1. Let me check something: with ligands and nucleic acids excluded, how do 148, 118 order by accessible area (1.4 Å probe), largest to smallest?
2. Nearest 0.05, what FRET efficiency do residue 75 and residue 152 give at R0 = 35 Å with Cβ-Cβ as r?
3. Students often get this wrong, so check it: of 46/79; 41/79; 79/104, which have C-alpha atoms separated by over 24 Å?
4. Could you sort 129, 9 by accessible area so the largest value comes first, with the probe set to 1.4 Å?
5. How much FRET efficiency would the formula 1/(1 + (r/R0)^6) give for residue 135 and residue 104, where r is the Cβ-Cβ distance and R0 is 22 Å, rounded to 0.05?
6. Of all chymotrypsin sites (Phe, Trp or Tyr not before Pro) in the stretch 59-139, which ones are in loop regions per DSSP and have a Cβ with at most 16 other Cβ atoms within 10 Å?
Amino acid sequence: MLGYQDQEELTTVRVQDPRVQNEGSWNSYVDYKIFLHTNSKAFTAKTSCVRRRYREFVWLKKRLQKNAGLVPVPELPGKSTFFAGNTDEFIEKRRQGLQQFLEKVVQNVVLLSDSQLHLFLQSQLSVPEIEACVQGQGPLSVTDAILHYAMSNCGWAQEEDGHSSLLARGDMGGSFDGGSHLAGSGAEPLPHWSDISMEDSQLESPDSEDEACHSAGLLQAGSVASASHIKEQ
């Protein structure tokens, strides 16, 4: 949870719903739903839902550490062995470890200022697309990429269990407008990334169980706050 001087700002992040993609094939992998709900001004969208895999978490940790300097970055759960990678017990332990990782990351003001983290949590851009975006080589800025993703997924079907009860209890603070969203705002078609696309082989730190993530993400945007404090890498 995040707390600030003027008013209490809260962020809930959950890693859940592990799914085996390409099951039965040589390149099968597990990805996880990342649900984020917040009233923090640090985030562009107040509610988001994406799917990420372990390889992308490894990339995120390395990028955060590179940009954070001497600020320590939380640890990730360990890599799997060939035989343990897809067992239910291993997947659950990894899910718990990934959630603990993100819970610690969003509590750190230095790490929270990294625009790559925001694109990881609030867009379904691939790793090469995130890198291009923060370097100014993509068709959209960081904030615009998040907003375009939000507007293109307003009719999301996988609404987080318990989201309504969170709002009913007021757990996210009275300043959060649960009914505010970007639907019907006349979003322009999402620009294509074909001009700046990169091969998956360029990703850092590949491990034996991870390939590029193409799972569809789902996101509902809440009220939009200023993201000018997010530093462009």
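1. Numbers: 148 30, 118 0 Å².
Sorted descending by solvent-accessible area, the residues read 148, 118.
2. Numbers: r = 34 Å, r/R0 = 0.97.
So the FRET efficiency works out to roughly 0.55.
3. Details: 46/79 31 Å; 41/79 34 Å; 79/104 19 Å.
The pairs that break the limit, which is 24 Å between Cα atoms, are 46/79; 41/79.
4. Values: 129 45, 9 15 Å².
Reading off the accessible areas and sorting them downward yields 129, 9.
5. Numbers: r = 27 Å, r/R0 = 1.21.
Efficiency, rounded to the nearest 0.05: 0.25.
6. Numbers: sites: 59, 82, 83, 90, 101, 120; in loops: 82, 83.
Answer by residue number: 82, 83.
The values are calculated or read from the model by the stated rules, or taken from the named source; none is laboratory data. Just so we're clear, the structure is a prediction, and the values are computed from it rather than from any experiment. Neighbour counts are summed over all protein chains in view; Cβ atoms, including those assigned to glycine, are modelled from backbone coordinates with ideal geometry. For the accessible areas, the whole protein counts, side chains as well, though only heavy atoms, and no ligand, DNA or RNA atoms are used. Shrake-Rupley method; radii C 1.70, N 1.55, O 1.52, S 1.80 Å.
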